[in-house]
Amino acid sequence: MRINTYSTHINQDGQNILVKESTVNYTSVKMLSSPEKIVEIMQEVFNLNKFSEEYVYMIALNSKCSPIGFFQVSHGTVYTSLLQPREVLIRALLVGATGIIICHNHPSGYPIPSEMDIKVTAKLKEACELIGVILYDHIIIGNDSYLSFQEAKLL
């Protein structure tokens, strides 16, 4: 699987543009067919289970549910990370995504969703539905475990 990471910048006209940061060929996982595969990539490629602050990533998917881009959308503190649907969806639309998956870590090591995690996910799902982008999952990664909102029926 090819993992393309992007960021967004502002051009001279004040518009958001995509900037490709890197490409990695990751052969251990062929498809994002389960939360376990997503967690494996996020841990092995992005070290999401090792950060001492919260990081939020968005995986942009095409209509075949293949990843077309990975974005770091927020970096917070040990307890929280600010996540707004606008910043997520700008990136999804710029790359042409039809679906997304959100992943973030809990530095405590426990992937129990906070009340804020649940509220932000509901808000993001609503925004996605308005513009026709599917929010497939929100995965919280701890030290040796994870929680999938889809599997836990929180999404």
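Checked against (1) touching a Gly at 6+ places or on another chain (Cβ under 7 Å); (2) over 19 Å from Ile141 (Cα atoms), Gly99 passes all but a single condition, namely (1). In a loop (DSSP other than H, G, I, E, B), touching a residue at least 12 places away in the same chain (Cβ under 8 Å) and over 13 Å from the mean Cα position of the chain (by Cα), is that true of Thr77? Judged against the criteria, Thr77 is a match. Residues of region 121-142 that are surrounded by fewer than 22 Cβ atoms within 10 Å (Cβ to Cβ), touching a Pro at 6+ places or on another chain (Cβ under 9 Å) and β-branched (Val, Ile, Thr): Thr121 alone.
Filtered by the rule that a residue be touching a helix residue (DSSP H, G or I) at 6+ places or on another chain (Cβ under 8 Å), in a strand (DSSP E or B), surrounded by fewer than 16 Cβ atoms within 10 Å (Cβ to Cβ) and of a type in the set (Ser, Thr, Tyr), region 14-67 gives no residues.
Each row is one residue, and each column tells you yes or no for (1) among the aromatic types (Phe, Trp, Tyr); (2) without any contact (Cβ under 8 Å) to a residue 24 or more places away in the chain; (3) closer than 25 Å to Lys30 by Cα.
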residue: Gln84; (1), (2), (3): no, yes, no
residue: Ile100; (1), (2), (3): no, no, yes
residue: Cys103; (1), (2), (3): no, no, yes
residue: Met116; (1), (2), (3): no, no, no
residue: Lys125; (1), (2), (3): no, no, no
residue: Gly132; (1), (2), (3): no, no, no
residue: Leu135; (1), (2), (3): no, no, yes
residue: Gly142; (1), (2), (3): no, no, yes
residue: Phe149; (1), (2), (3): yes, no, yes
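Would you pick out the residues in region 102-128 that are under 17 Å from the mean Cα position of the chain (by Cα), in a helix (DSSP H, G or I) and of a type outside the set (Val, Ile, Thr)? Selection gives Met116, Asp117, Lys119, Ala122, Lys123, Leu124, Lys125, Glu126, Ala127, Cys128.
Throughout, read-outs are computed from the coordinates displayed, never taken from laboratory work. Since we're looking at a predicted model, the values are computed, not measured. Cβ coordinates were reconstructed from backbone atoms using ideal geometry, including for glycine residues, and neighbour counts include every protein chain displayed.
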